[in-house]
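What follows is a short report on a single structure.
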Amino acid sequence: MRIEEQDKVLENNKKRMIVSASAGSGKTHVLIEYICRLVCKKKVPIKKLLILTFTKAAATEMKDRLVKSLKEEKVDDFILKQIDDLSVSNISTIHSFCEYCLKKYANILRINENFDIADKN
């Protein structure tokens, strides 16, 4: 059963969105539905989305749920491509995304691209 706050997320037409709620509130379910609508109805390629979470487990779960949800849609060539692209999509932790950006732009930032994270836990 969806609640009013979840419907607000699903009806959002903005290009940027932050969803914050307590554990077990249905965030992942609503975000998966929102992303599926973008991909399936509006034909937004998964590679054009940046989806960040706090834990690796949550990022993995999100990718797994997205694959399942996309497969439940009317699958066409576009959807199949999106399912394939999920493995290289921008669904990750905030920390992983920041590390990626630092390495990608290391020369502009004038830092060594072979840096290492001091505490990976």
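Coordinate-derived values only; no laboratory data. Bear in mind the structure is a predicted one, so any value in this text is a computation, not a measurement. So basically every Cβ, Gly included, is an ideal-geometry build from the backbone, and we count neighbours across all protein chains shown.
General observations
- For the chain, the spread of Cα positions along the three principal axes, ordered from largest to smallest, is 48, 36, 25 Å.
- With Rh defined as the Kirkwood radius, the inverse of the mean 1/r over Cα pairs, the Rg/Rh of the range 38-91 is 0.95.
- DSSP H segments from the chain that extend 18 Å or more along their own axis, Cα-based, with Kyte-Doolittle mean of -1.0 or above: 56-72
- Of Val30, Val19, Val67, the one that fluctuates the most in a GNM where the chain has Cα springs shorter than 10 Å: Val19
- Residue of Asp76, Asp84, Asp64 that the Gaussian network model of the chain assigns the largest fluctuation, springs spanning Cα pairs under 10 Å: Asp76
- Label-point separation, Asn12 to Asn107 (7 Å along Cα→Cβ), nm: 3.6 nm
- Among Glu72, Glu33, Glu61, residue whose mean-square fluctuation peaks in a GNM of the chain (springs only between Cα atoms under 10 Å): Glu72
- On the beta carbon distance between Glu61 and Arg37, with R0 = 25 Å, the FRET formula returns roughly 0.85.
- Using a cut-off of 25 Å between Cα atoms, the listed pairs Lys41/Lys103; Lys42/Lys104; Lys42/Lys74; Lys42/Lys103 include Lys41/Lys103; Lys42/Lys104; Lys42/Lys103 as exceeding that distance.
- Relative contact order of the chain, defined on C-alpha pairs under 8 angstrom at six or more residues apart (%): 23 percent
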